[in-house]
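Undergrad: Sharing a structure below in structure tokens format, with a few things to ask.
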Amino acid sequence: MTKQHSFTKHEHMIIPNFRNNINHAESTEDVKKFFVYTIQELFEHIFEKNLSCEYEDIRLLPSDDHFYKLSERLLSLDKFKIVWNDSDLPRVIFNLAETAVNRYKHLKKGPEKTNSKIRM
């Protein structure tokens, strides 16, 4: 049986800034951008800057059941695969993606309401 690693402490480190950014997002593009930046930050903490993660390696997909997609390049890296398969990292990213998608859908429903609140 393999040892399961938990990244909950890393999740708790990035959550406050992530929520702040998501809550202040003015557009759906902002939500996507903040999600990607947050996942990149999470990977920096987890892999201690020993993993090259580009902006294009992570995508928020609001219309998909999984809410996000990681690039094949990233998923094929040995050091990433080991962590991905033996940890709660997929759950952590899913939770962040779910939060981002909820905000994305809210902004998509009524951008004029959001814009009018911002201008007041």
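Rule-based calculations on the coordinates, nothing more; no lab input. Model, not experiment: these values are computed from the prediction. Quick reminder, even Gly has a Cβ in these numbers, built from the backbone with ideal geometry, and neighbours come from all protein chains shown.
Undergrad: Could you name the aspartates and glutamates in cross-link range of K33, using Cα to Cα under 15 Å and dropping any fewer than eight places away on the same chain?
TA: E41, E54, E56, D57, E98
Undergrad: Right, another one. Given R₀ = 22 Å, FRET efficiency for H106-K69 by Cβ-Cβ distance, to 0.05?
TA: It comes out at approximately 0.55.
Undergrad: State which stretch of the chain is the longest one without any exposed trypsin sites (Lys or Arg not before Pro), exposure meaning a DSSP loop state and at most 13 other Cβ atoms within 10 Å. It would help to have the intermediate numbers written out before the result.
TA: Values: sites that count: K3, K49.
Between exposed loop sites, the widest span is 50-120.
Undergrad: What longest range of the chain stays clear of loop-exposed GluC sites (Glu not before Pro) (DSSP non-H/G/I/E/B, at most 11 other C-beta within 10 angstrom)?
TA: Values: sites that count: E48, E54.
The longest uninterrupted stretch comes out as 55-120.
Undergrad: What's the angle, to the nearest 10 degrees (0 to 90), between helix 89-109's Cα axis and the longest principal axis of the chain?
TA: Orientation of helix 89-109: about 10 degrees from the principal axis.
Undergrad: Still on this model: With runs of 4+ DSSP H residues as the only contributors, calculate the mean residue ellipticity of the chain at 222 nm using -39,500 (n - 2.57) per run, divided by the residue total and rounded to the nearest 500.
TA: Roughly -21000 deg cm²/dmol at 222 nm, from the helical runs in the chain.
Undergrad: Farthest toward the dipole's positive end in the chain, which of L42, T28, G110, given Cβ charges of +1 (Lys, Arg) and -1 (Asp, Glu) about the Cα centre?
TA: G110
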